[in-house]
Structure formats: C-alpha cells, structure tokens
Amino acid sequence: MFKKILIANRGEIACRIIQTARAMGIQTVAVYSDADADALHVEMADEAVHIGPAAAAESYLIAEKILQAAKDTGAEAIHPGYGFLSERASFVEAVQAAGLTFIGPDPLAINAMGDKITSKKLAGEAGVTTVPGHMGIIADADEAAKISAEVGYPVMLKASAGGGGKGMRIAWNDAEAREGYVSAQNEARTSFADDRIFIEKFIEEPRHIEIQVLGDKHGNVIFLGERECSIQRRHQKVVEEAPSPFLDEATRAAMGAQSVALSKAVGYHSAGTVEFIVDKNKKFYFLEMNTRLQVEHPVTEQITGIDLVEQMLRVAAGEPLTMTQEDVKITGWSMETRVYAEDPFRGFLPSIGRLTHYQIPEVSDTVRVDTGVYEGSEISMFYDPMIAKLVTTGATRAEAIAAQQKALDEYYIRGIAHNIPFLSALMAHPRFQAGDMTTNFIAEEYPDGFQGGALTDAVKEAMVVAATFINAVETSRASQIQGRITDVEAPQGKTWTVSIDDDETLTNIYPYEDRAEVAIGDRRISVKSTWQPGQQLFRAAIGDVVYAMEVDRLALGWRLTCAGVSKDVFVQSALGARLRAMMPEKVAPDTSNFLLCPMPGLIVSVSVSEGDEVKAGQALAVVEAMKMENILRAEKDGTIKSVSAAAGDSLMVDAVILEFD
C-alpha cells in the first residue's frame, strides 16, 4: 500500500479523500491556489503545496505543477477526485511517465469512456442501448440547428468532454439550437479546454439513474446498485438517493449487467459510474460513463457499507477485489442534498463571500456531512458553488427523508445566500415524497422560480410557540443573569401579541421546572427546550414534535426559519403591536429601467449598444460566475439609453450593466 499520496483537487472531495487515507495510515499532500491558502483541505493534509493563482486554469488544471508537487513531496500516487484533471487521459499518461500511480482507470478507458462521442459508439458496439442522436463533430451554430432538426426536437446539446451540468443546453427549435450551441461550446471551452459538442434526442419524462461500478486490475468488475439522480436544475444534480424508488429488481439487474459488460469491454478498473436515462416504461438508454468518483458516491457507501475511496486506493495499489457480486448487499435507504452557495429566491444565482457563521447538523449514524469549508471560509467566484453534501440514512425512504428534513433545519449558514430553504421544500413536496419524479421535476413544480416553502399550520403554530418561549427567556435575562425559563414568574401575568405576516395571535406562558406551557386561546402547548440567548438554533419538543429553528434577532422580534420557511415573528405588548402597525412601509427604489448584474461575475459579452431597440426576451449580456454562463435578457421592449459595462469587466452584484430609456 502507498505510504503517501497527493490529492489533485480541493474542497469537500479533497477532505473526503484525506479522511479515508488517514484511516488507512496513508500520508496526504494537498495542493492549493491563492484563493485556497486557508482552505480546510490544506489544514487537514499532512503537507500542502502552493500551485498558483486562484483561476483553475492557472493552478488546479496545470498538470506540470501537480506533478512537480508530487515529486517535491515524495508522493507515490495521485488521486484526482472529480472535475479538474480527473478525466484527462493526457494527465494520467504524464503521471505514469513520471513513475507515479494514478488512482483511477488507465488512459485507454478514460479516452474510450470519458469522451461522450466515443463512448456512445463503443456502447453501441457492445450491445448497450443508446439515445438516438448525432455523434459527429459539429462545425458551427448553423450546422447545429440543421442536425437538431434532423434528429427531431427537443434535442440536447452536450459537451463531449463535459460533466457536472457544464456545456449542456436543451433546444426546442432552430433559434434555441443556435444559441445553445454557442453557450454550450463556450462553457465547454472554459471548463474542459475542449469545445466539441454533440447532439442527441431529449427523452421526455426522463429519469436519470446511474450504476456504480467497481473493477480491479485482475479483470473483476461488479456493480454496487443504482442511484436516482433525477432532481436536477439546469442539468446539475441537486438531490440523489440510493436505491431508486422507481426500479424493479429485473431492471436493476439488466442495467447492472450492461454496466459491467461495458466496463469489461474497455478493461476498466477503479470506481466508475455508468449513467442512464430511463423513460416512464423503464426502458433505459446509455448516456455516458464517468471514469472517476462521483459527487453522489456517499449514498452508495451508506447503503452498501463499502468505502469507495478505500477501494480505489487498494485497486490502484494492485490489490484484487475482496468481494464478488453476490457479496454486495443493499441495506436501508440514503438521501443526499447538495448545499450550494446560491440564492434560490433570485433564480439560484451564485453567491460569494465569507461564511460568517457555519454550523453543521450533529453527525451520527444517520447524518453525514461531507464539506470543505468552516466558519470564516471564503466562498470564491473561481470554483464550484457547492458548500457541502448532506447525507442521511434510514431503514426506509421515508425515514431517510425525515432525517434529511431535520438535518436541514439544523444547518446554520450566514454571510452568503444558500439553497437550504429550497432543499427543505423539495423534501416536503408531496410528489417527491411519493417518488414521482423526472429530470423535469424542478421546472414543472417551480415554473416561476422558487418563492419559498409552504408555511403549514403546524409550523406556523410552532413558530408562535417558539417566539413566545424565546421572548420569555430574553425577558428573564433582562432582569436575572441566568436567563432560564424557570426564572420567569409563573404565570408571567402578561399577554403577548405574536405577529406573523398579517396574523396576530395572543399568547401567555406558564413555566415549570422541566418545561413550559404556552397558552393560545383555551389550549396549552407543552414546550421543552434548553435554549439560551445568543444560540443560533432553537431546539425544542413542542407538543409531540421535535423542532429545530434558526434564530436571527430583529429589533422587535426574531426571524425564525424552519422547514424551508423564514418568517419575521414579532412579540409585543398589545400597545406595541398597534403602534408597529402604524409604521410606514419602506418602499424599495425603482430599478426597472436598469439591467443589473444579478451576481458577482465576469462580463463575457454585451450584445447591444447605446440607441439600440430591443424586444422582450432578447439576449442583452452574458455573465460568467462559478464556471457557468448566465444569459441576461430584456424583460420588456425598449431602447438602450447607455451601456456601463463591457466584456472582461468584473462586476459586483447589482452593478449597472446598462440603462433603458
């Protein structure tokens, strides 16, 4: 076994690999850019080597710098993680030429399966069912439109070297095919240094289901069940689970058999994933093979008990698999959500900045958090916006979902926008809970974007009770230093008005030694909590239900967040409530005549000039942030009065790009 390995990656996956290596007694070397000098993976590793500026193209994507770092530190092998150089055959060849071991498959398999055009041809030759399409090189946008029409709309334009949702567009007509080709090609060039695009038929009502394979250098290949990855936004996975609630045993076995056959056909060894699109009749089509560790690998580990990183290390060291297909057992259910630095209330635009507060849920047998940040970390515009992967496990799917909901409520992040409210809403969605999903789920259920989770009567009452309790503790703290609920005189003798939106509820509180009771009308609701002033999470048993709520202090109350819903809850005397209702409402300034930069990013292009007349829906500018291109369009017809930004400019959020007359 290796004594020392270098990890050619960053963030949560670098931390994940370090954890397993440390458990196996293997020393680790981290590499880092200027932006990652204080990153968690640098702190966790035994050694760390600086490899260049913040931009990945000048650091993490420079093979020579990675190899030099390995040589200087005496590392024997390199683990690429995912992304960056993980599926670049030329990098593997360079690693091997330097006398080092690549912890992953050989260049032959990467070339065969990593290139989506080649892999589809090989899959067809191996008898694997594939999606109809055009696998040849496409010269330009006009040819893309012509081919798309021949294949038949809708079509998917995809980067041949792509992954992670980068370089992918759906087109429903010629105009969208031309525009999608240009955007997909630009993203592919930026992310993968390979701008080849291919086109395939877009399967309607599809599910995205993938098979985890594991092979060694002795010709043994097995599969470790499947993962359901259908909850996606812009082709980027948001929620993954294992097993799939859709597959039956026969379909699972057939998909697994094809995956193993394809892997053996290219002499595959290491961990890999064969991805399929599955229609409503359980007919499946090969999409691609990812010749690396997947972001969503934890759910497979949770239900099989197999550490995939450990297996990759052992296979790379030449050890044969110690398990057969018959040894693979699926136990329980696992659910993963991707916690992103993005604002779901502003069209999921990327968010950058410092994590001023970062508190993860309590880790246990049922809760796992794979993260690469800590409180005080900087979320940079240069890399993927994923903060962490939250993984929960239960005996059943319902238990895994319930554990996920509780853990999301206990996740406290401040300083940047994040998608936890959206993830909570997904977990609570009846259609998701029923397992009724396709890759169009988010587009179908949130056609106008995410406006926030639904405030149920139960959660609303829980917030009223929580606010009353918190107010009582803080009232006590004002006069007695302990600030305990038992220090409040019983009964408190004062009725409080608790306001949420336009609804007001009259409450009182009755504290006892081990609990309190909040009175609402004729009812008394039991509350058990050890909450103290200043704590960011309010954990309590309210009635028979255990809640976790985020608590943010306001001038006259608190902002409480639970189940994906944030509400400003005011607790006042009757007079205070009447006076607050008379306060004038602050009106936001009118910015309708401006095109504002919706996120911190780089202006790729501005397609209009002063005096131009534009139509609603017309593309005005393209902004790149966190490796994704975002097309900004006109919301109405108008004339351009002035243009304030140009290609190459770096803008902050809400900076003016142009003004309309």
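The values are calculated or read from the model by the stated rules, or taken from the named source; none is laboratory data. Computed from a predicted structure; not experimentally measured. Every residue, glycine as well, gets a Cβ built from its backbone with ideal geometry; the counts of neighbours run over all protein chains shown.
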Original post:
Filter segment 504-526 for residues that are among the β-branched types (V, I, T) and in contact with a helix residue (DSSP H, G or I) (Cβ under 6 Å, 6 or more places away or on another chain); which is surrounded by the most Cβ atoms within 10 Å (Cβ to Cβ)?
Top reply: V518
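For the subset of segment 253-291 comprising residues that are of a type in the set (D, E, K, R) and surrounded by fewer than 21 Cβ atoms within 10 Å (Cβ to Cβ), which member is nearest to the chain's Cα centre (by Cα)?
E275
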Original post:
Just a yes or no: is a residue in segment 363-370 touching a Lys or Arg at 6+ places or on another chain (Cβ under 6 Å) and either assigned to a strand (DSSP E or B) or farther than 30 Å from T190 by Cα (or both)?
Top reply: yes
**OP:** Report yes if some residue within segment 45-54 is crowded, with 19+ Cβ neighbours inside 10 Å and either under 28 Å from M289 (Cα atoms) or polar (S, T, N, Q) (or both); otherwise report no.
**Re:** no
Original post:
Restricting attention to segment 356-369, which residues are surrounded by fewer than 20 Cβ atoms within 10 Å (Cβ to Cβ) and not β-branched (V, I, T)?
Top reply: H357, Q359, E362, S364, D365
**OP:** Output the residues belonging to segment 391-444 that are touching a Ser or Thr at 6+ places or on another chain (Cβ under 6 Å) and basic (K, R).
**Re:** R414
**OP:** Taking the residues in segment 390-402 that are crowded, with 23+ Cβ neighbours inside 10 Å and in contact (Cβ under 8 Å) with a residue 60 or more places away in the chain as candidates, determine which candidate is nearest to Q536 (Cα to Cα).
**Re:** V391
**OP:** Please find, among I137, I110, the residue that is in contact with a helix residue (DSSP H, G or I) (Cβ under 7 Å, 6 or more places away or on another chain), not assigned by TED's automatic domain parsing to the domain that holds M628 and not hydroxyl-bearing (S, T, Y).
**Re:** I110
Original post:
Counting only residues that are part of a strand (DSSP E or B) and modelled with pLDDT under 95, which one in segment 327-353 is surrounded by the fewest Cβ atoms within 10 Å (Cβ to Cβ)?
Top reply: G353
**OP:** Working only within segment 206-226, note down all residues that are among the acidic types (D, E) and within 20 Å of the chain's Cα centre (by Cα).
**Re:** E210, E226
Original post:
Within segment 46-77, restricting attention to residues that are within 24 Å of the chain's Cα centre (by Cα) and of a type outside the set (S, T, N, Q), which residue is nearest to V92 (Cα to Cα)?
Top reply: L61
**OP:** Answer yes or no: is there a residue in segment 142-151 that is of a type in the set (S, T, N, Q), within 26 Å of G272 (Cα to Cα) and buried (at least 17 other Cβ atoms within 10 Å of the Cβ).
**Re:** no
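Quick one: in segment 3-22, which of the residues that are β-branched (V, I, T) and under 23 Å from the mean Cα position of the chain (by Cα) is surrounded by the most Cβ atoms within 10 Å (Cβ to Cβ)?
The selected residue is I13.
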**OP:** Answer yes or no as to whether G25 is crowded, with 19+ Cβ neighbours inside 10 Å and either touching a helix residue (DSSP H, G or I) at 6+ places or on another chain (Cβ under 8 Å) or outside any helix (DSSP H, G or I) (or both).
**Re:** no
**OP:** From (1) over 16 Å from the mean Cα position of the chain (by Cα); (2) touching a residue at least 60 places away in the same chain (Cβ under 8 Å), pick out the condition that doesn't hold for T366.
**Re:** (2)
Original post:
Mind checking which residues of segment 415-441 are under 14 Å from C562 (Cα atoms) and assigned to a helix (DSSP H, G or I)?
Top reply: I420, P421, F422, L423, S424, A425, L426, M427, A428
Original post:
How about segment 60-76: which of its residues are in contact (Cβ under 8 Å) with a residue 60 or more places away in the chain and either surrounded by 22 or more Cβ atoms within 10 Å (Cβ to Cβ) or closer than 21 Å to E187 by Cα (or both)?
Top reply: L61, I66, A69, A70, A75
Original post:
Can you name the condition, by its number, that G99 falls short on among (1) crowded, with 16+ Cβ neighbours inside 10 Å; (2) within 30 Å of A48 (Cβ to Cβ); (3) not β-branched (V, I, T)?
Top reply: (1)
